[in-house]
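Just below is one structure, and these are the notes that go with it.
The values are calculated or read from the model by the stated rules, or taken from the named source; none is laboratory data. None of these values were measured; they are calculated from a predicted model. Positions of Cβ are backbone-derived with ideal geometry, glycine not excepted, and every protein chain shown enters the neighbour counts. Note: accessible area is taken over every heavy atom of the protein model, side chains too, but ligands, DNA and RNA are not part of it. Shrake-Rupley method; radii C 1.70, N 1.55, O 1.52, S 1.80 Å.
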Amino acid sequence: MVDIFRFIARDDRKAAERWTARIVQQAELAAMAPLGGRVVPELGRNDVREVFLRSYRIIESSTASPVRASGS
């Protein structure tokens, strides 16, 4: 998340703050409904789900705590 923030903040710090807040909010929503996203196709595990926020992919696991966001 820090890398995403820094990348965007090079051009616009306020935009970076807004965007990373949206990613965190989406990740928190995904954590509240751990089976709400779709199964990550390349893993094929029911306990690992993904949701999207524009080009960012937020991956959540119902058995582990880390949440990851990746984007193009």
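Just a few scattered comments:
- Magnitude of the charge dipole for the chain, about its Cα centre and with charges confined to Cβ atoms of Lys, Arg (+1) and Asp, Glu (-1), is about 180 debye.
- Most positive-pole-ward Cα, 46, 16, 26, against dipole of the chain from beta carbon charges: 16
- Seen against the Cα atoms of the chain and their longest principal axis, helix 13-32 is set at about 10 degrees.
- Whole-percent carbon and sulfur share, accessible surface of the chain, 1.4 Å: 54 percent
- Computed [θ] at 222 nm, helices only, for the chain once each DSSP H run of length n ≥ 4 contributes -39500 (n - 2.57): -12500 deg cm²/dmol
- Calculated log₁₀ intensity ratio I(q)/I(0) where the Debye formula runs over C-alpha points of the chain, q = 0.13, 0.18, 0.21, 0.27 Å⁻¹: -0.38, -0.67, -0.84, -1.19
- Distances between placed amide hydrogens fall under 5 Å for residue 53 paired with 58, all partners being 5 or more residues away or on another chain.
- Between residue 4 and residue 29, the contour length at 0.36 nm per residue exceeds the Cα-Cα span by 7.0 nm.
- Length gained when the stretch residue 57-residue 12 is fully extended (0.36 nm per residue, less Cα-Cα span): 14.0 nm
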